[in-house]
Structures are given as C-alpha cells and as structure tokens.
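One structure is given here, and the rest of the page talks about it.
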Amino acid sequence: MKKSVSLSFMLASILFCVCLITANLLEIKIIRLGSLPLSVTAGMLVFPISYIINDCIVEVWGFRKARLIIWTGFLANFFVMAMAQMAVHLPAPDYWEGEEAFNYVFGLAPRIVAASLTAFLTGSFLNAYVMSRMKIKSQGRHFSLRAIVSTIIGETGDSLIFFPIAFGGIIPFDELLKLIAVQIVAKTAYEIAVLPLTSAVVKYIKKKDGSDTYDENISYKFWNIKDI
C-alpha cells in the first residue's frame, strides 16, 4: 500500500527546511536588542519558527512525521553547507571583486558547521519528544503549555551545544553565558508571542486533515526514520 502525505504536511515540511537554511545563513551575525546591552544571533529572527512548525507537526501528525522532517531538514542544511564550502574553495576569476565578502558569509569554519548541525538535531528531537510525551500524559489538553515547555527544553539543548562549540575561545566566557541565556529567553518569548496564531493554525489543520495523532506504542529512536 502506498503511503501519502497531505498538502498541509508537505507545505509545513518545506517551510521547516527553508527556515533552518535561512537561520543558518543568518547565524554568523550577532545583533543587539535595541538599546539593551544584550546580543543575539540574527538567526533568532527565523529559527524559532522551525520550533513552532515542529510543535504543529508533532501535535497533528505525531513524532514519527516530526522525525522525518527533522532528518530532512538536517540533510538540506548539510547539502547547502557542503555546496557553500565547495563554492568557497573553487577559484574565482581576477575581475570578480566579491570573493572576500562571499567567503566571509559562506566560508563557515568546520566548528560552526559541526556546532550548527549537532545542536539542531539535539534541540529538534528534544522538542519533538517532550511535545509528544506531554500530549499523551495530558490526554491532548494544554497545547500552549506543552508548546512552551518543549520549546524551552529544545532551545536550551540547542544553545548549550551550539554556542560553546561555535564561539568558545572567541567570545569571552561571561558574554557566552549571557548570549546562551538571552537566546533561550528570547526564542521562548517568541514562541509565547505567536501562540495564538500557532493554536489557530493547529486547530485549522486538525479540522482540515482530520488528523490528531497520539504517539502510543511507537519507537522514539531518533535514527529510526523508516518508521513513518
């Protein structure tokens, strides 16, 4: 029997991958939060959206579908980074004057690539697992609470891996700790701010697709991608 996915799931998966790739390209810049003496990476502008989509997918279609799109996003990110590294190392003609700027943006150090991919997998799977388990225990109630808690845990795991690997020894230790804390708080606040929209989207998709999955008796092994 052929397996199929809904249009809603396909669009959510595409948006998930686009957000991840965009966030990685923006992650190398650190921006200030207005007049506050606090800084975050520019990836924060879009990265929290991937967690919101992750929550929606787990809520509507379950952990197994979330596992599928997490690995799809990982492979998409890996492909873009690999192609960027290839482009950086290929010779440019003498008349092209943009090589220094291009290499600055796309010539990511191996440690940043490793930090980004490892942190993404860890944070995304933590988010999906917590969301899934809490849904079962709450019998489908308290979506907002589940979305917030899963985001805090996922973002914490992501930040605790990404920043020490990517910026350890480059950014002073006290600033690194502050950056991690601000990222977690800011991304969680982002999730809370858009919760009304997230809840409305989830309700609409559930009604449209007729799907409301509870992950009972499934495998939570992150590598078990054949189980979809």
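Calculate the length of the line joining the C-alpha centroid of segment 187-228 to that of segment 71-143, in whole Å. Going from one Cα centre to the other spans 21 Å.
Which entries of Lys65/Lys208; Lys65/Lys221; Lys187/Lys221; Lys29/Lys178 have Cα-Cα distances beyond 21 Å here?
Over 21 Å Cα-Cα: Lys187/Lys221.
If the viscosity is 0.692 mPa s and the temperature 37 °C, what Stokes-Einstein diffusion coefficient in µm²/s follows for segment 147-223 when Rh is the Kirkwood radius over Cα pairs? In µm²/s, the coefficient is 217.
Seen from all directions on average, segment 20-122 presents a Cα convex hull projection of 8.4 nm². Taken along the Cα-to-beta-carbon direction at a fixed 7 Å, the label points for Leu75 and Val149 span 3.3 nm. Computed from the C-beta positions of Asp174 and Asp209, the FRET efficiency with R₀ = 45 Å rounds to 0.40. Per residue of the chain, the DSSP helices (runs of n ≥ 4 H) give a summed -39500 (n - 2.57) that works out to -24000 deg cm²/dmol at 222 nm.
In units of the compact-protein estimate 2.2 N^0.38 Å, segment 49-197 shows a Cα radius of gyration of 1.23. Quick one: helix 47-61 against the long Cα principal axis of the chain, what's the angle to the nearest 10°, folded into 0 to 90? Between the helix axis and the principal axis of the chain, the angle is about 20 degrees. Per residue, the accessible area of segment 154-214 comes to 52 Å², computed with a 1.4 Å probe over protein heavy atoms only.
Note on segment 153-228: dipole from Cβ charges, positive end direction compared against Asn217, Phe163, Pro196; the farthest Cα belongs to Pro196. Accessible surface of the chain, 1.4 Å probe: 69 percent of it comes from carbon and sulfur atoms.
The values are calculated or read from the model by the stated rules, or taken from the named source; none is laboratory data. What you are looking at is a predicted structure, and each value in this text was computed from that prediction instead of being measured. Cβ coordinates were reconstructed from backbone atoms using ideal geometry, including for glycine residues, and neighbour counts include every protein chain displayed. Just the protein is used for accessible areas: all its heavy atoms, side chains included, with ligands, DNA and RNA removed. Shrake-Rupley method; radii C 1.70, N 1.55, O 1.52, S 1.80 Å.
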